[in-house]
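The values are calculated or read from the model by the stated rules, or taken from the named source; none is laboratory data. The structure presented is a predicted model; accordingly, all values stated were derived computationally and were not measured. All Cβ positions, glycine included, derive from the backbone under ideal geometry; neighbour counts span all protein chains shown. Note: accessible area is taken over every heavy atom of the protein model, side chains too, but ligands, DNA and RNA are not part of it. Shrake-Rupley method; radii C 1.70, N 1.55, O 1.52, S 1.80 Å.
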Amino acid sequence: MKVAVFLTWDYSLKTWNNSGTIDRELTFFRKLEEDRNVLFSFFSYGKNSDIELANIHGLQEVNPIYSSTKYYKNKLLRLLSSFFLSFKFRNKFDNVDLLFQNQLLGCWVPILVKKIYKKPLIIRTGYDMLDFAKQDRKPFYIIYLYKILTKFAIKNCNYFTVTNRTDLERFKTNYPKYEHKFLLRQNWVEVTEFKELNNRYNNRILAVGRLVMQKNFSYLISEFKNSKNYIEIDIVGSGPEKDELSAQAKKQNVNVNLLGNYKNDELLNLYQKYKFFISTSLFEGNPKSLLEAMGSGCVVIGSNIDNHNEIISDGKNGYLFEIKNSQLLNKFDLVSHNDEVLSQVSKEAHFFIKDNFSLNKSAESFYKDFEKVLSK
């Protein structure tokens, strides 16, 4: 079986490498190669540097689009040129059995390939772009374009995977005609060996995510105002709110360390140093950082939103709080002093993730999807 993998539009192996996620992204495909003898041909929006990265990471076949096609600095021209890729790379699809789009953005490329060369297509999404755009209060025209793109993708693919039950139910409700196409395929995470809490930081809190409105780090800082003498908050991630959050922390007397981006293997090691992981997100998909923290045995305290509710059972494998003044601080003060209970919650979190969000389970589910779509 040979599968053509299309990266998110305008993304490349270099993009993954620069963000520190390339090893994690490729682990899934390596698993299917090793266990199921699936061959992958990657189509990336990169240049010759992607060929070098492919050699470093042992990829058998990578097709960097801009190594043989003109790269336009203008984003609109790059977008328009992508519609012709199905013709420019037509000789690459002869021996391909299946098309796999990694994220919604860019789905028009494999859809055109599907139409022209009669190949089945699975579109994998990590989150609902349309819902995120609404929650993020994007301009009307952006929301409208995502609405068109989402319906276009669903209509023209064989299967459309989502990572959480909230999205699954929304899609089934909004697109009942295509209910048979929707599949729940949750994110997978690497689960490290369990490490007891007694050797972890007592007075430091870990948070992970882009420094953007969605992650709501401003609320996290405000909840711990005037805590500089007894709590440190370490935030892994980068983004446009960096200066604003630094200024807020200084003003509200909070000891915040903005650590920047970490490679995934570094992050997995980092989780095991912390007793507490906090997520203050306003909305999520199937958050990998939360899953990784739980798999690493952190005691997670998450905002009470639908997508956290699917993962966290309050008081059993983590804790939930309402995003209101003093609610997070009250929850933290309530739970942080009972080591015996925290130890049990930590173990429950670790084994819950190990049982439900493993790489083996994810790879096997997708392989069955591949077989199913090819058997039709």
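The table below lists the values:
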read-out	value
Qualifying chymotrypsin sites (Phe, Trp or Tyr not before Pro) in the range 129-236, DSSP loop, other Cβ atoms within 10 Å at most 13	Y230
Tilt relative to the chain, helix 140-156 - C-alpha long axis, 0 to 90 degrees, to 10	60
Overall Cα dimensions of the range 150-247 - principal axes, largest extent first, Å	58, 36, 20
Accessible area of the chain belonging to carbon and sulfur atoms, whole % at 1.4 Å probe	47
Cα pair distances exceeding 19 angstrom across the range 1-89, given as percent	38
Kirkwood hydrodynamic radius of the range 1-47, Cα pairs, Å	11.2
Two-decimal Rg to Rh for the chain - Kirkwood Rh, Cα set	0.98
Reference-scaled alpha-carbon Rg (2.2 N^0.38 Å with N residues) for the range 216-297	1.10
Distance violations [Cα-Cα > 22 Å] among K225/K275; K115/K181; K88/K376	K88/K376
FRET efficiency, 1/(1 + (r/R0)^6) with R0 51 Å, evaluated for K155 and S326 via beta carbons	0.60
Taking N as its residue count, the alpha carbon Rg of the range 101-192 over 2.2 N^0.38 Å	1.11
The range 222-376: radius of gyration and largest Cα-Cα distance (Dmax), Å	17.6, 64
Trypsin sites (Lys or Arg not before Pro) within the range 136-169: DSSP coil, no more than 12 neighbouring Cβ in 10 Å	R137
Folded to 0 to 90 degrees: helix 242-251 orientation relative to the chain principal axis, Cα	10
Environment charge of W9, counting only residues whose C-beta is closer than 12 Å and scoring Lys/Arg +1, Asp/Glu -1	+1
1.4 Å probe accessible area per residue over the chain, in Å²	48
Kirkwood hydrodynamic radius of the range 169-215, Cα pairs, Å	15.8
Calculated log₁₀ intensity ratio I(q)/I(0) where the Debye formula runs over C-alpha points of the range 336-376, q = 0.22, 0.28 Å⁻¹	-0.72, -0.86
Candidates per GluC sites (Glu not before Pro) in the range 16-50, loop by DSSP, up to 11 other Cβ within 10 Å	none
Distance in nm between pseudo-label sites at K195 and N95 (7 Å out along the Cβ direction from Cα)	4.5
Ratio Rg/Rh [Cα only; Rh per Kirkwood] for the range 39-174	0.98
Compactness of the range 57-115 as Cα Rg over 2.2 N^0.38 Å, two decimals	1.18
Whole-angstrom Cα spans of the range 294-376 along principal axes, big to small	55, 28, 14
Calculated diffusion of the range 258-327, Stokes-Einstein form, Kirkwood radius summed over Cα pairs, 4 °C and 1.567 mPa s, µm²/s	103
Part-to-part distance (alpha-carbon centres) for the range 284-314 and the range 193-214, which is given in Å	12
